[in-house]
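The block underneath contains the structure these notes are about, expressed in structure tokens.
The values are calculated or read from the model by the stated rules, or taken from the named source; none is laboratory data. Quick caveat, the model's predicted, so the values are computed rather than measured. Ideal geometry is used to build each Cβ from the backbone, glycine not excepted, and the neighbour counts take in all protein chains shown.
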Amino acid sequence: MDTVLLQINNEKAYKLIEDLEALDIITVLEKKVGAKEKLSKRFAGSLNLSDKEYQEFQDALTQGRNESERDI
């Protein structure tokens, strides 16, 4: 049998999946319940940049945004 990863886009899909599991058509291997965590919170502090590196990064972002706004 194949294993697939599904993204649930509608709450009604959970009932369908539960019904399929009850009929032994599928097996749910892992359930992740809860609200999605914001990426900014998930990756906060993961870069561990020095103050200088952080400022250079921010300057590059600002420059890129300014250039893209000029192109519009």
Task: Qualifying positions in segment 11-21 - hydrophobic (A, V, I, L, M, F, W, C), over 18 Å from Met1 (Cα atoms) and over 22 Å from the mean Cα position of the chain (by Cα) - done: Leu16
Task: Any chance Asn48 is modelled with pLDDT under 85 and either of a type in the set (A, V, I, L, M, F, W, C) or more than 16 Å from the chain's Cα centre (by Cα) (or both) - done: yes
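Matching residues to (1) modelled with pLDDT under 90; (2) at negative phi; (3) in a loop (DSSP other than H, G, I, E, B); (4) surrounded by 10 or more Cβ atoms within 10 Å (Cβ to Cβ):
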| position | (1), (2), (3), (4) |
| --- | --- |
| Leu5 | yes, yes, yes, no |
| Glu18 | no, yes, no, yes |
| Asp24 | no, no, yes, no |
| Ala35 | yes, yes, yes, no |
| Ser40 | yes, yes, no, no |
| Ala44 | yes, yes, yes, no |
| Glu56 | no, yes, no, yes |
| Ala60 | no, yes, no, yes |
